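Written below as structure tokens is the structure these notes are about.
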Amino acid sequence: VRILITNDDGIFSEGLKTLAEAMAEIGDVFVVAPDREQSASGHSLTLNRPLRLQKVREQWYAVDGTPTDCVNMAVHGVLKGARPDLVVSGINFGVNMGDDVTYSGTVSAAFEASLHNIPAVAFSQEIEEGFSFERAAANAKLVIEALLSTDLPRDLLLNVNFPACEHLGLRWTKLGKRYYEQSIIEKTDPKGRKYYWISGIPRWDQSVEGTDHMALTQGLISVTPLHLDLTDYRGLDEQAPLRYRLEHLELRERLEKTGV
Ligand code: MN
């Protein structure tokens, strides 16, 4: 199998190196990853400047862009005519759970693979005392081997988070709900101008069972199946009154001069 590896922490990050070593025991590994950290870049695509591709070593390429750029460069460039069977992203330095998956470059690389009809798995490691990329990579390998032993659906999109402690098991989870006590920190630069940092302390909704966050607090690896169809299917029904009002708006057919 041909496995494409990318990440958002940069091509020289420990998590990617460890993952690539583990994946090399399973298949033919290609690495196309950002040349520097691109965490929280989300699903961003670079269209306002050219991209540069630098060969780091055999089958390893650095791109001066985002994880999404890397998947595109790999599929349409480096691996043109030899599509990867699987895209694996990570192992990210830090968890990507709950609502944070939309900010995550690690998960967005998997999103991008999914848009290209390639099965994809994003791996992230909780960073607390006792964490180990080696332990995570060893179990990532078991997960990927299990996936490859089945008929992989092309729209398979999994978000995997490893707890920092010893892995006591694995749970199939849903995304948790996170409430940031978000704030803006304001400072003044040497020239007297204001600058700002977006900051926040994460708080998790503990009332919901079966979430990724809950699994990690129990020492379990969480595996969340994701889908890029963001339609609110419940909302299609539940927002019926709003739907009625909007569908019955008397729309303007043309802009009339108001005689001003
Ligand atoms: Mn990252």
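The values are calculated or read from the model by the stated rules, or taken from the named source; none is laboratory data. In this text, all values refer to a predicted model and were calculated from it rather than measured experimentally. Because the Cβ atoms are built from the backbone with ideal geometry, glycine has one as well, and the counts that use them run over all protein chains shown. These accessible areas exclude ligands, DNA and RNA; they are computed on the full protein's heavy atoms, side chains included. Shrake-Rupley method; radii C 1.70, N 1.55, O 1.52, S 1.80 Å.
Assessment of the stretch 97-109 against the conditions (in contact with a His (Cβ under 9 Å, 6 or more places away or on another chain) and within 17 Å of HIS167 (Cβ to Cβ)) yields at least one matching residue.
Scanning the stretch 85-94 for residues that are open to solvent by 10 Å² or more (accessible area, probe 1.4 Å) and more than 10 Å from the ligand (Cβ to nearest atom) yields one hit, ASP85. Candidates are the residues of the stretch 51-63 that are open to solvent by 50 Å² or more (accessible area, probe 1.4 Å) and in contact (Cβ under 8 Å) with a residue 24 or more places away in the chain; the one that is farthest from MET23 (Cα to Cα) is LEU53.
Of the residues making up the stretch 151-206, those that are part of a strand (DSSP E or B) and small (Gly, Ala, Ser) number 4. Residues in the stretch 214-242 that are under 9 Å from ARG171 (Cβ atoms) and part of a strand (DSSP E or B): LEU220, ILE221, SER222, VAL223.
Residue by residue, here is whether (1) open to solvent by 10 Å² or more (accessible area, probe 1.4 Å); (2) of a type in the set (A, V, I, L, M, F, W, C); (3) more than 16 Å from the ligand (Cβ to nearest atom); (4) not in a strand (DSSP E or B) holds:
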site	(1), (2), (3), (4)
ASP9	yes, no, no, yes
GLU21	yes, no, yes, yes
ALA33	no, yes, no, no
HIS43	yes, no, no, yes
ARG49	yes, no, yes, yes
THR68	no, no, no, yes
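A Cβ distance below 8 Å, combined with a sequence gap of six or more or placement on separate chains, defines the contacts here; from the stretch 113-136, residues that are part of a strand (DSSP E or B) reach residues that are within 16 Å of the ligand (Cβ to nearest atom) and open to solvent by 50 Å² or more (accessible area, probe 1.4 Å) in the pairs GLN125/PHE93; GLN125/PHE131. State whether the residues of the stretch 79-99 include one that is within 22 Å of ALA40 (Cα to Cα) and part of a helix (DSSP H, G or I). Yes, that holds for at least one residue.
What single numbered condition from (1) closer than 30 Å to VAL208 by Cα; (2) open to solvent by 40 Å² or more (accessible area, probe 1.4 Å); (3) within 15 Å of the ligand (Cβ to nearest atom) fails to hold for ALA122? Looking at each condition in turn, ALA122 falls short on (2).
Is it the case that THR102 is of a type in the set (Ser, Thr, Tyr), open to solvent by 10 Å² or more (accessible area, probe 1.4 Å) and closer than 18 Å to SER41 by Cβ? Spelling it out, THR102 is indeed of a type in the set (Ser, Thr, Tyr), open to solvent by 10 Å² or more (accessible area, probe 1.4 Å) and closer than 18 Å to SER41 by Cβ. When we screen GLU14, GLU25, GLU37 for residues that are farther than 15 Å from VAL71 by Cα, over 18 Å from the mean Cα position of the chain (by Cα) and either within 16 Å of the ligand (Cβ to nearest atom) or open to solvent by 20 Å² or more (accessible area, probe 1.4 Å) (or both), the only hit is GLU25. Is it true that ALA146 is surrounded by 12 or more Cβ atoms within 10 Å (Cβ to Cβ), assigned to a helix (DSSP H, G or I), at pLDDT 95 or above and not charged (D, E, K, R)? Taking the combined requirement at face value, the residue does not satisfy it.
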